[in-house]
Amino acid sequence: MKVTSLPDVPVAHPGEAPPRRVAIGTFDGVHLGHREVIRGNDTVLTFDPHPQAVIRPDARPKLLMPYSIKRDVIAGLGVQELVVIPFDRDFADRSAEDFVEGVLIGQLGAESVSVGENFRFGKGARGTPGFLASYGEFSTRVVPLVGVAEETVSSSQIRGLVAAGEVDKAAQFLGGPYLIEGEVVHGDKRGRELGMPTANIVPDPLLVAPGHGVYAGWAHGYTAAVNVGVRPTFETGRGLLVEAYLIDFEGDLYGERLRVALVERMRGEQRFESVDDLVAQMNRDVEQAREICAAGT
């Protein structure tokens, strides 16, 4: 998939390049509703950062995924081109007419445009799906909200599920497991002392943090038992940390980017009376993680 920043996209001239079929949206989570908007299109037009971070920074939502994961998930849908709008105050002040005529028609040469029914754009959010459909230069496909098990799929709904630790249910709406990514940092070496060295990630404060607890998951191609929390058995003084024990992995990942898929929450985070009790529970967690991940393959 080709990735281009909007300012680097040349103005479209008829006959010089095939017209684009464009899906437009913020696409935080790239959930099942987003995937329906994207389906059948060769180009995805999205925004980074999230528009609310510029328009209403005090009310911006915690995101489900960083740009790097969003990019890779979209690439996995067979899209040929991802065009990223560097969203800033100047772009926020562009009118809906300017967005359509300058971006969709002028730069991208869109022959068709696909959006969700609740998509809004342009200064003052004046642009609507109906506004897009008023243009004859391209066809407009408006995708209704998608439902699963009689629930409407939305990024805000999935954020609530992740925050509650219900990552298995969130996956039903995402279309894949909930993913965390970050640089592996040095921790307290506690896991190594206990015989289970972990790869540690400090969660991005701009992203939704999964509910504290122990999860079965995958990381670096290995089944993993993952703790999300503050390690209450020890007085560490450290904040929230994601600690992934990669089962059967040997080596270290310090300084590398690690992507962790959370499959199912096995239990809540708890304080143990002794280190022996903690180690015994960790061993049980590892075996349960093996069973859960094996069942899902």
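Only the coordinates and a few stated rules stand behind these numbers; no lab work does. Predicted, not measured: the structure shown is a model, and the values here were computed from it. Cβ sites come from the backbone with ideal geometry, for glycine too, and all protein chains shown count toward neighbours.
Neighbour counts of other Cβ atoms within 10 Å put THR43, THR223 in the fewest-to-most order THR223, THR43.
Using a Förster distance of 35 Å, how high is the FRET efficiency between VAL11 and ILE55, based on the Cβ-Cβ distance and rounded to 0.05?
With R0 = 35 Å, the Cβ-Cβ based efficiency is 0.85.
If you take the square roots of the eigenvalues of the alpha-carbon gyration tensor of segment 134-189 and sort them as a ≥ b ≥ c, do you get rounded (a/c under 1.5), prolate (a/b over b/c) or oblate?
In terms of gyration-tensor shape, oblate.
Work from the charge dipole of the chain (Cβ charges, +1 for Lys and Arg, -1 for Asp and Glu, about the Cα centre) and give the residue of GLN288, ALA75, VAL202 farthest towards its positive end. The one lying farthest along the dipole's positive direction is ALA75.
DSSP beta bridges confined to the chain are antiparallel in about 60 percent of cases.
The ranking of HIS31, HIS50, HIS13 by Cβ neighbour count inside 10 Å, starting from the fewest, reads HIS13, HIS50, HIS31.
Taking the Cα centre as origin and putting +1 on Lys and Arg beta-carbons and -1 on Asp and Glu beta-carbons, what dipole magnitude results for segment 177-295, to the nearest 20 debye? Before the final figure, lay out each step's value.
Numbers: 12 positive and 19 negative charges, 43 e Å.
Roughly 200 debye, rounded to the nearest 20.
Provide the FRET efficiency to the nearest 0.05 for the GLU287-GLU250 pair, computing r from the beta carbons and using R0 = 25 Å.
Details: r = 19 Å, r/R0 = 0.77.
Calculated transfer efficiency: 0.85.
Values (i) 13.4; (ii) 15.2; (iii) 17.2 are given for comparison; mean projected area of the Cα convex hull in nm², derived from the coordinates here, is the one labelled (iii).
So what is the 222 nm mean residue ellipticity for the chain from helices alone, if each DSSP H run of at least 4 adds -39500 (n - 2.57) and you divide by all residues, rounding to the nearest 500 deg cm²/dmol?
Details: 9 runs with 72 residues, N = 297.
Helices in the chain give a 222 nm mean residue ellipticity of -6500 deg cm²/dmol.
Given R₀ = 22 Å, FRET efficiency for ARG271-LEU240 by Cβ-Cβ distance, to 0.05? According to the calculation, E is roughly 0.85.
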